[in-house]
1. Roll a 1.4 Å probe over the protein chains and send me the accessible area per residue for the stretch 1-75 in Å².
2. If you rank 18, 129 by how much accessible surface each has, with a 1.4 Å probe, what is the order from largest down?
3. Give a residue-ordered list of calculated ³J(HN,Hα) values for the stretch 93-101 (Karplus: 6.51 cos²θ - 1.76 cosθ + 1.60, θ = phi - 60°; whole Hz; x for Gly, Pro).
4. Below 8 Å, C-alpha to C-alpha, sequence gap of six or more: please give me the relative contact order for the chain in percent.
5. Tell me, what % of the accessible area of the stretch 6-147 is carbon and sulfur with a 1.4 angstrom probe?
6. Return the single residue from 91, 31, 155 with maximal mean-square fluctuation; model: Gaussian network over the chain, springs between Cα atoms under 10 Å.
7. Work from the charge dipole of the stretch 49-91 (Cβ charges, +1 for Lys and Arg, -1 for Asp and Glu, about the Cα centre) and give the residue of 60, 82, 70 farthest towards its positive end.
8. Once every Cα of the stretch 1-104 carries one equal point scatterer and solvent is ignored, give the base-10 log of I(q)/I(0) from the Debye formula at q = 0.23 Å⁻¹, two decimals.
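The values are calculated or read from the model by the stated rules, or taken from the named source; none is laboratory data. The structure displayed is predicted, hence computed values, not measured ones. Neighbour counts are summed over all protein chains in view; Cβ atoms, including those assigned to glycine, are modelled from backbone coordinates with ideal geometry. Quick note on the areas: whole protein, heavy atoms, side chains included, nothing else; ligands and nucleic acids left out. Shrake-Rupley method; radii C 1.70, N 1.55, O 1.52, S 1.80 Å.
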Amino acid sequence: APFRPRVALFYRDELDRWLLPPAARARLAAVADIVTPPLDEAAWRGHAAALRDVDAVLGSWDIPRFDAELLAAMPRLRAVFYAAGSVRGFVTPEFWERGIVLSSAVGANVGPTATFAEAMIVLSLKQVWFYLREKRADWAYLADTASSGVHGATVGIVGLSRIGR
C-alpha cells in the first residue's frame, strides 16, 4: 500500500470551514489521513494518542507552540504547513533541532496585508471614522476639503518585515 501521511489540524475550530472547505478537505483526504479535529493550545493534549503517529501538521491562527512537550507527543512529525504569516509565535529551538520542514503562507499574505494597511491609512487621513459616527444629512461640513483628504499628506510604513518592505 502506498504511504499515506497522517495529518493533524492545528488552528481554531471556527476557522475550519474557511481553511478546509469541503473541496479542499476532499483533496487533502485523497492523499492523507486527517487524524484530528482542529486543535488549539487548549485542546491538543486531549488528542495525544492520535498525535503519536502524526507525520504532518496543517496549521493556522492559534497553532500551539511547538515546545518540547508537544514535540514529544509527535515523535514522527516531519513537516508543518502553516496557512498564515509569521512563524515566530510557535517555532522553538527544539523544533529546528528536530529538522522539521516548515512551510508558511507569509509570501501570499504580504501583498494583501500591505494593501489593507495602506487603505486604513488613507481612510484615516480622510477621517472616515469620524464621518461614520456623524448622523448628519447636511454635507456642508465637507467644504473644508484641506482637512479631509490625502492631498499633500506624507505617509510611510516603517517596519522590518516583508509588509514594511
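1. Solvent-accessible surface per residue comes out at 53 Å².
2. On the way: 18 160, 129 110 Å².
My answer, sorted largest first, is 18, 129.
3. Along the stretch 93-101, the couplings run x, 4, 4, 5, 4, 6, x, 6, 6 Hz.
4. Numbers: 210 pairs, mean separation 28.5, N = 165.
Over the chain, the number comes to 17 percent.
5. Values: 5040 of 8340 Å².
With neighbouring chains kept in place, the figure for the stretch 6-147 is 60 percent.
6. 155
7. Going by the charge dipole, the pick is 82.
8. With no solvent term, the Cα-only Debye profile gives -1.39.
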